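One structure is given here, and the rest of the page talks about it.
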């Protein structure tokens, strides 16, 4: 079990992480894509220095391995990944949702109450694959890939681009059993490709 934690300030992240020290979770995922009040509403995850500061603050109080979740809104996601690695992150996960919006042309109003929101699912998979590939080339810690994984072949694509593991999100909303189905799909893919260990896929993209 992995606990995803977020907050409005760096102190919030540290406080939540510390309270989870005795919780039955295996590791923490630091969601640094939320607005940061002290930075005037900017996202912690878009600035390498702020991302590193938050990572260090959490690492100082937690007794669990720490994954840092990265946002595609960062101008240079590789720089952020390297900064959190240097600050002690045990792994990174990417990507979070892309900023987006939808409009109802009949009411002339935004579909979402917050006006804008996060775009996820298959639409962001090409962006996610590229960012996973770029980050995996730059860091030595494990990379967890996500963003539009709907099938076993999608999962394999992320691993080929450098992911050690993958996560599913939108797929679970469409089918609560999606993760189990994707695992079965991946197993079938590996058997057909004569792959003995799934880990052999990680970073095996031929370019």
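Nothing in this text is a laboratory measurement; each read-out follows from the coordinates by a stated rule. Not measured: the values here are computed from a predicted model. Heads up, the Cβs are rebuilt from the backbone with ideal geometry, glycines too, and the neighbour counts pull from every protein chain shown.
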Open item on the list: I'd like the distance separating the alpha-carbon centroids of the range 164-187 and the range 82-103, in whole Å.
Closed with: 20 Å
Task: Cα-based Kirkwood hydrodynamic radius, the range 56-152, one decimal, Å - done: 14.9 Å
Open item on the list: With n ≥ 4 as the cut-off for DSSP H runs, can you work out [θ] at 222 nm for the chain, using -39500 (n - 2.57) per run divided by the number of residues, rounded to the nearest 500?
Closed with: -11000 deg cm²/dmol
Open item on the list: Using Cα-Cα distances under 8 Å and only pairs 6 or more residues apart, what relative contact order does the range 1-131 have, in percent?
Closed with: 20 percent
Open item on the list: Need the full-extension length gain, residue 61 to residue 26, defined as separation in residues times 0.36 nm minus the C-alpha distance. One decimal, nm.
Closed with: 11.1 nm
Open item on the list: Considering the Cα positions of the range 138-188, please state its Rg to one decimal place and its Dmax as a whole number of Å.
Closed with: 11.0, 34
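Roughly what % of DSSP beta bridges within the chain run antiparallel, to the nearest 5?
Counting only bridges with both partners in the chain, antiparallel ones make up about 25 percent.
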- [ ] Please give, to one decimal in nm, the separation of the simple spin-label points placed at residue 184 and residue 104, each 7 Å out from Cα toward the Cβ.
- [x] 3.9 nm
Task: Listed residues 113, 152, 88, most fluctuating in the chain (Gaussian network, C-alpha, under 10 Å) - done: 113
Task: Max mean-square fluctuation residue, GNM over the chain, Cα-Cα springs under 10 Å, options 114, 63, 21 - done: 114
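Can you give me the Rg/Rh ratio for the range 5-89, using Cα atoms for both radii and the Kirkwood formula for Rh? Each step should come with its number before you reach the end.
Details: Rg = 11.8 Å, Rh = 12.4 Å.
Looking at the range 5-89, the ratio lands at 0.95.
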TODO: Kindly provide the Kirkwood hydrodynamic radius of the chain in Å, to one decimal, from all pairs of distinct alpha carbon atoms.
DONE: 17.8 Å
